[in-house]
Amino acid sequence: MPAPKRPQVYLVDDDADVRAAVSLLLKTEDFRVSAFADAGAVLAAVDAATPGCLVLDVRLPDMDGLTLQRRLRAQGVEMPVIFITGHGDIPMAVRAVNEGALDFLEKPFHDVALIDGVRDALAQDAQRRAGAAEMAQVEERLASLTPRERQVLEALLDGQPNKLIARALNVSVRTVEIHRGHLMQKMGAKSASHLARLALACADYRDRLAPGPLPV
Amino acid sequence: MSSTSTSLIRSSSRPEASASWLRLAGRSAMLIALYYAVGLWGYVFTPDAYGIPLVWPATGVGLAFVYLYGYRLLPALGLAVAFVLWQFTGSMMAPIETVGVTLATLVGVTLGAHGLRRFGFSARFERLRDVWLFLAIGGLAASGIAATAGAWGMAVSMDAVSFRDTWWLCWSADLMGLVLVAPALLSWLGTRFERTIDGGWAMDTALVSSLVTVTVVVYGGHLPMGIAMPLSYAVFPLVMLAALRCPVQITTSLTLAAGAIALSGTGWGLGPFAEVGLHTSLLSLNVQLALLVSTSLLLIALRRERESAEARARQHLDELARAGRLSTLGQLSAGLAHELNQPLCALASYAQASKRLLDRGRMNELREALGQLDAGAHRAAETVRQMRAFAAGQPSVYQPIAPADLLRPVLDLLRPEMRRRHVKVELALDDALPTVTVAPVQIEQVLVNLLRNAMEAVEGRSNARIELSVRRQDVEVQIRVTDNGPGIPRERLPNLFDPFATWKIGGLGLGLSISRSLVEAHGGHLTARNRESGGAEFLFTLPVEARDART
């Protein structure tokens, strides 16, 4: 297994002085920083596979920061975004945060605010990546179930007792218990409720979370 | 303490007081001497029949002095009047009448001087109103009362002379003297010698010498009447030219000289007016001189009025340019604030990084960061300087300047705006452009107006482009702003430069109108057209400095 890559901070601002100064500030905390003058450059350079975060100026020469954020999402870059602005532009701040920006800092900002923001962003990214890896594992396990085990799982998710499941599948209660044992083992579930949580997080069963009439 | 300071003030005021007494004594002496001299001269023109002088400039001298230096000169004037009366009519006029005539003259002059001051007369004859004031108050108050007193004095002294016959003779003589001598005295003693139009001493000298020559020839008695009479009108063009081109003092001196020579000649029986007897001849000459003086005073006043109207117009134009500049700054302030906030952000970040580097003992990096901080602060200061230079603007003096130096502050100012609107301005300057003589504040405003219009026209286009070119074309420099926007709507073209002819929301429509006025005030012209390839073109010209044009 390869060692996890060191996180990358992408800084985008059209002002060379600001780029140099903010890069230096972040480097004092030993962040890995690369700076870009416009949206085009960062879109070309960003690597979705490397953990990291983005620090974007709201106004860039070729597009505004919100458009850049959307383009990054479209490109599959899910890293957290911190906006920086020299305009005190409240409506834009609201829109940015609504569209998923992590933070919005007004220039000139406090070093602590920026550094804490970047740290939070990298932590969030790491968590997201870890969560994503775990999910992928669960999905993989779900895919390894036999069709009969899937039937038992779905019946369990519907809250049916073993006796009813056995009758519905036209097998003995003992057989249901054996399938259920395999199922728990394959999914790595410690209890029935853990199994339900894992299964409901998967794409196939997410819709069963939708509120509906309670089974009586 | 207070007594010391009082005595100090008293002792220090003493020399001033004695100086002012000296000044008064000097002016009084000058008044008496001049009054006596012109009185003496006036008695040259006394026809044998009546003993009434046909020109009497003495009242004019009195009026000018009392108007200029105040009522403290009245005692000296009284002395002068009494002395002149005693000198020339001593045997004929009883002492009581001498006193009466003297008092009446003093009253006339006092009323005249008071009237001139009360109604704000300007000794420079700056407005037509000053001419009317001078003629009305001089004629009614000063000459009117002095003439009434003189006629009364003579009528009482001499049986042969009736008051009704002599009054209007005395009055016209007095008024004639007044209009000849008072303007010269008022202008020389009461106003600064100001050269407003080119021409210089050469023109003054030429005018004075030709006028003196012509008048001496005409009234020297050597020319036949058929030539001398028409030639006597040659003074008119000379005086008119002086009124329009020379300082006011030169003009008033010319009319005084023309009058003095003509009257003296005629008084001695020489010249075209001397043929028909002193009485008739001096009266007809007086009419001619009265016309000459009125013409010159009216022209002086009209020229002054035109000059001050032009000065006001120039000042308004300049104020408009400044107002436009401030309004431009207001509109650009968001961009300018951003322009300053960027370096501030960089400085703050450098400072914070420095603190952290110091805490970690990374001295080499710290030194470099502090160097960057210093350089950044200077760059920020430069931004502020450019902004301030544009906002304050230098006083609107015309100065020779290279076209590139005119463009720089404008482009500096508009750079944030260009960045915000994502517009590029391409510059095309000819090599070796000549300097132009302009008021930079005003031409910069024209450039700002044209460039901002162009930016608004092209904003949002993917290939937005503005070209600013400066070329030399013969004796002018052409400055052209072209854009690739939608162009000027056809129906707007004919009245594009009219004030308030705007089609932009939020625009006042004054920018182009003011720009054209500013360019025309510099002797250039501003035109607009749509290019065949699309987009608008604004072109204005500035004349190349005369000296530069030759090289």
Check: Roughly how crowded by other chains is peptide B:347-359, in terms of the mean Cβ count from those chains within 10 Å of each of its Cβ atoms?
Finding: 6
Next item on the list: First check a/c for region B:107-242, with a ≥ b ≥ c the square roots of the eigenvalues of its C-alpha gyration tensor; if it is under 1.5, answer rounded, and if not, answer prolate when a/b is larger than b/c or oblate otherwise.
Entry: oblate
Item checked: Values of log10 I(q)/I(0), in the order q = 0.14, 0.17 Å⁻¹, for region A:1-153 under a Debye, Cα-only, solvent-free model -> -0.68, -0.94
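With r as the distance between the Cβ atoms of B:Thr205 and B:Tyr71 and R0 = 30 Å, compute the FRET efficiency 1/(1 + (r/R0)^6) and round to 0.05.
0.20
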Notebook entry, point to check: How would you rank B:405-414, B:146-155, highest first, on the average number of other Cβ atoms within 10 Å across their residues?
Noted result: B:146-155, B:405-414
Notebook entry, point to check: What is the percent of Cα-Cα separations in region A:112-193 that go past 18 Å?
Noted result: 55
Next item on the list: Tell me the Kirkwood hydrodynamic radius of the protein assembly as shown in angstroms, computed as one over the mean inverse distance between distinct C-alpha pairs.
Entry: 36.3
Notebook entry, point to check: Cα axis of helix B:248-267 to longest principal axis of chain B: angle in degrees, 0 to 90, nearest 10?
Noted result: 20
Check: What is the packing order of peptides B:438-444, B:283-289, taking the mean over residues of other C-beta atoms within 10 Å and listing the highest first?
Finding: B:438-444, B:283-289
Check: Whole-Hz Karplus ³J(HN,Hα) for region A:33-39, in order, using 6.51 cos²θ - 1.76 cosθ + 1.60 and θ = phi - 60°, x for Gly and Pro?
Finding: 10, 10, 10, 9, 8, 8, 5
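Kindly rank B:336-342, B:520-526 from highest to lowest mean number of other beta carbons found within 10 Å of each residue.
The densest-packed peptide leads the list: B:336-342, B:520-526.
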Margin query: With the cut-off at 1.5 for a/c, could you classify chain B from its C-alpha gyration tensor as rounded, prolate or oblate?
Written below: prolate
Margin query: As I understand it, the value is the acute angle between the Cα axis of helix B:128-137 and the longest principal axis of the Cα atoms of chain B; what does it come to in degrees, rounded to 10?
Written below: 20
Next item on the list: Report Rg (one decimal) and Dmax (nearest whole number) for region B:162-320, counting Cα atoms only, units Å.
Entry: 18.0, 66
Note to self: Counting only helical runs of four or more DSSP H residues, what would the 222 nm mean residue ellipticity of chain B come to if each run contributes -39,500 (n - 2.57) and the total is spread over all its residues?
What the structure shows: -23500 deg cm²/dmol
Item checked: Lys/Arg +1, Asp/Glu -1 at C-beta; the protein assembly as shown dipole; positive extreme among B:Ser296, B:Pro494, A:Ala96 -> A:Ala96
Item checked: Average beta-carbon neighbours from other chains, 10 Å sphere, peptide A:9-20 -> 4
Notebook entry, point to check: At 20 °C and 1.002 mPa s, what whole-number value in µm²/s does Stokes-Einstein give for the translational diffusion of region B:335-489, with Rh from the Kirkwood sum over Cα pairs?
Noted result: 118
Next item on the list: Any chance you could give the angle, 0 to 90 degrees and rounded to 10, that helix B:235-245 forms with the longest Cα principal axis of chain B?
Entry: 30
Check: Based on the Cβ-Cβ distance from A:Arg71 to B:Glu305, what FRET efficiency comes out when R0 is 56 Å, to the nearest 0.05?
Finding: 0.25
Margin query: Along the charge dipole of the protein assembly as shown, pointing to its positive end and built from +1/-1 on Cβ of Lys, Arg, Asp and Glu, which listed residue (A:Leu114, A:Val18, B:Leu518) has its Cα farthest out?
Written below: A:Leu114
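If the only charges are +1 at each Lys and Arg Cβ and -1 at each Asp and Glu Cβ, what is the size of the charge dipole of the protein assembly as shown around the Cα centre, to the nearest 20 debye?
1840
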Check: Shielding of A:62-72 by partners, i.e. mean partner chain Cβ atoms within 10 Å per residue?
Finding: 0
Check: Excluding same-chain residues fewer than 8 positions from A:Lys5, which lysines have a Cα within less than 21 Å of its Cα?
Finding: A:Lys27
Item checked: region B:94-247: relative contact order as a whole-number percent, Cα under 8 Å and 6+ apart -> 21
Margin query: Pairs of alpha-carbon atoms within less than 8 angstrom and 6+ residues apart define the contacts here; what relative contact order does chain B have, in percent?
Written below: 9
Check: Expressed as cubic angstrom per residue, what is the convex hull volume of the alpha carbon set of region B:399-447?
Finding: 71
Margin query: Per residue of region B:299-304, what does 6.51 cos²θ - 1.76 cosθ + 1.60 with θ = phi - 60° give for ³J(HN,Hα)? Whole Hz please, x for Gly and Pro, Karplus curve as stated.
Written below: 5, 4, 5, 5, 5, 4
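Using Stokes-Einstein with the Kirkwood hydrodynamic radius over Cα pairs, what translational diffusion coefficient do you get for region B:103-163 at 10 °C and a viscosity of 1.306 mPa s, in µm²/s rounded to a whole number? Could you put the intermediate results ahead of the total?
Details: Rh = 12.4 Å.
Reported coefficient: 128 µm²/s.
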Checklist line | Partners for A:Lys190 among lysines (Cα-Cα distance below 17 Å; same-chain residues under 8 apart left out) | finding: none
Note to self: If I take every Cα pair under 8 Å that is 6 or more residues apart in chain A, average their sequence separation and divide by the length, what percent do I get for the relative contact order?
What the structure shows: 14
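Between B:Ala377 and B:Arg531, what's the calculated FRET efficiency when r is the beta-carbon distance and R0 is 45 Å? Round to 0.05.
E(calc), rounded to 0.05, equals 0.50.
Bear in mind that the values in this text are calculations on the coordinates, not laboratory data. Since we're looking at a predicted model, the values are computed, not measured. Quick reminder, even Gly has a Cβ in these numbers, built from the backbone with ideal geometry, and neighbours come from all protein chains shown.
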